[in-house]
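Below: the structure, in structure tokens.
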Amino acid sequence: MEKYLLEKSLNIKGDVFIEGAKNACLPILAASILSNGNTIIKKVPFLSDINVMCSLLEEIGISIIKDLKNKYIQIDTKNIFNKKVSYDLVKQIRASFLLAGPMLARFGKVSIQMPGGCAIGVRPIDLHLKGFKALGAEILQEHGVIEINAKNRLIGTEIYLDFPSVGATENIIMASVLAKGTTVISNCATEPEIVDLIEFLNKMGAKIEGGGTETIKIKGVDSLNNCEHTIIPDRIEAGTFLVLGAATKGELNILDVNCEHLKAVTSKLREINVDIEEKDNKIFVSGKNIFKNVDIKTMPYPGFPTDMQPQFMSLMAIGNGTSIINETIFENRFMHASELGLMGANIKIEGSSAIINGVEKITGAKVKATDLRAGAALIIAGLCAEGISEISDIYHIERGYYNIEEKLKKIGAKIRKIKE
Ligand code: UD1
């Protein structure tokens, strides 16, 4: 088992280059199912989740050529066929269910296993299925397998989402692009990753309007063509390094970012008294000031992202006064609180709220990355704690942070991977 060993590393300094967004790349890879021929996707973050999605596509006959050095993928769908993909791959990433929409659109039917729950909550797929049903598909769920059958072609309709789910919005968009007539989805998610997916689909010839707003209109077309697309910057990787720079009292230049996508994060950091300077596609962060306490409520975009909540909890834990986090997106996303507690943080959980009393110092301990962003929070804490911290289950972290060890070493962080 691999672990990270971390030592206190204050005043880290330097440049951090941000990768393409994992959460934009996953649905875009799934959407390539809809193309006829070759698609090129640039700025691909070659993370384990992306590799699993590529393997899923290869199982249905899609040819994938990866250029790791230049960070692009070439996709050829000419030999695509319909098949139930293997559960061994499906269960590894929740985003595997994003195959359902495009396969349903392309083949008129799809059979796929439930992606299962995960550490941060139950994560049902009822909203995805409600959307497919509204488009005219019949759904049969038995023994963990979902059979979705459109009989003929899906038919455009009006769909209201009970909650602006990111995945459901993406899946329903991908199902509707080849439907007969027009589909209007209201109360949909407005995340930048959805806007990126829409841009990719429109480049292939889809007719989608309203990306980034709560109402998306999709005029069905008969087929989609090839295209070339560059993935947007990963706002969560960027946000993580912003918090890390602040927490370690360092000075970092975060490069290749979209500042617009990070407004909720940068304004909260400013509220904490962190210096932030934004210019073009770069953000400078400095954590030299005395921190103030702050309250956070996670919300769908453009609200504060749930994927940044654990990292902020680490920052608040070493801050001043009492801060409160209200987690409204996932019902079980405070597993990092008890791990931070092992390091001496003072955090109480009451239902969907975490009450964090800043302490003067935290100390290194043996802790476990319970999920991806929880792991990122522990890295931040480990770099601020006295002594040595040991983080286990780091495969979670590597699902979402490309080359994190090298990137951290380059800016002066004391981190080392060990095998046991
Ligand atoms: C995506 C992101 C994830 C992020 C999350 C919220 C990807 C690959 N993952 O996940 O990193 O934390 O958005 O910003 O892009 N829900 C239902 N029924 C459904 C679908 C969702 O009840 O059919 C609930 C979920 O249980 C959760 C909430 O809606 O409580 C938000 O989930 P959703 O927006 O769908 O997140 P994901 O797309 O899974």
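The values are calculated or read from the model by the stated rules, or taken from the named source; none is laboratory data. Quantities reported herein were computed from a predicted structural model and do not represent experimental measurements. Cβ coordinates were reconstructed from backbone atoms using ideal geometry, including for glycine residues, and neighbour counts include every protein chain displayed. Just the protein is used for accessible areas: all its heavy atoms, side chains included, with ligands, DNA and RNA removed. Shrake-Rupley method; radii C 1.70, N 1.55, O 1.52, S 1.80 Å.
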**Prompt:** Hey, any hits in region 292-303 for a residue that's open to solvent by less than 10 Å² (accessible area, probe 1.4 Å), more than 27 Å from I194 (Cβ to Cβ), hydrophobic (A, V, I, L, M, F, W, C) and outside the structural domain of I125 (by TED's automatic domain parsing)?
**Reply:** yes
**Asked** Among helices (runs of 4 or more DSSP H) lying entirely in region 191-287, which contain 1 or more residues that are open to solvent by 60 Å² or more (accessible area, probe 1.4 Å)?
**Response** 192-203, 263-272
**Prompt:** Of N187, N202, N149, which residue is modelled with pLDDT of 95 or more, at positive phi and not aliphatic (A, V, I, L, M)?
**Reply:** N187
**Message:** Considering only residues that are within 14 Å of the ligand (Cβ to nearest atom) and crowded, with 16+ Cβ neighbours inside 10 Å, which ones fall in region 124-147?
**Reply:** I125, L127, H128, L129, K130, G131, F132, A134, I146
**Request:** Test I324 against the criterion of being modelled with pLDDT of 95 or more and either outside the structural domain of R373 (by TED's automatic domain parsing) or open to solvent by less than 10 Å² (accessible area, probe 1.4 Å) (or both), and give yes or no.
**Result:** no
**Message:** When you scan region 39-59, do you find a residue that is more than 16 Å from the ligand (Cβ to nearest atom), crowded, with 19+ Cβ neighbours inside 10 Å, of a type in the set (D, E, K, R) and modelled with pLDDT of 95 or more, even just one?
**Reply:** yes
**Message:** For region 359-376, check the following and say yes or no: at least one residue is hydrophobic (A, V, I, L, M, F, W, C), within 16 Å of the ligand (Cβ to nearest atom), farther than 20 Å from I397 by Cβ and not assigned by TED's automatic domain parsing to the domain that holds A119.
**Reply:** no
**Leading residue by the ranking (most open to solvent (accessible area, probe 1.4 Å)) among those in region 148-179 that are within 15 Å of V110 (Cα to Cα) and of a type in the set (D, E, K, R)** = K151
**Message:** Quick check on K361: is it open to solvent by 10 Å² or more (accessible area, probe 1.4 Å) and either in a helix (DSSP H, G or I) or of a type in the set (D, E) (or both)?
**Reply:** no
**Request:** List the number of the failed condition for A189; all other conditions in (1) touching a residue at least 60 places away in the same chain (Cβ under 8 Å); (2) more than 10 Å from the ligand (Cβ to nearest atom) hold.
**Result:** (2)
**Item:** Scan of region 10-38 for residues that are at negative phi, open to solvent by 10 Å² or more (accessible area, probe 1.4 Å) and not hydrophobic (A, V, I, L, M, F, W, C), ordered by number
**Value:** K13, D15, E19, K22, N23, N36, N38
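Taking the stated definitions as given, is K83 at pLDDT below 95, over 19 Å from H128 (Cα atoms), open to solvent by 40 Å² or more (accessible area, probe 1.4 Å) and not assigned by TED's automatic domain parsing to the domain that holds R373?
Yes: the conditions hold for K83.
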**Item:** Counted residues, region 2-25 - those being among the small types (G, A, S) and either touching an Asp or Glu at 6+ places or on another chain (Cβ under 6 Å) or not in a strand (DSSP E or B) (or both)
**Value:** 3
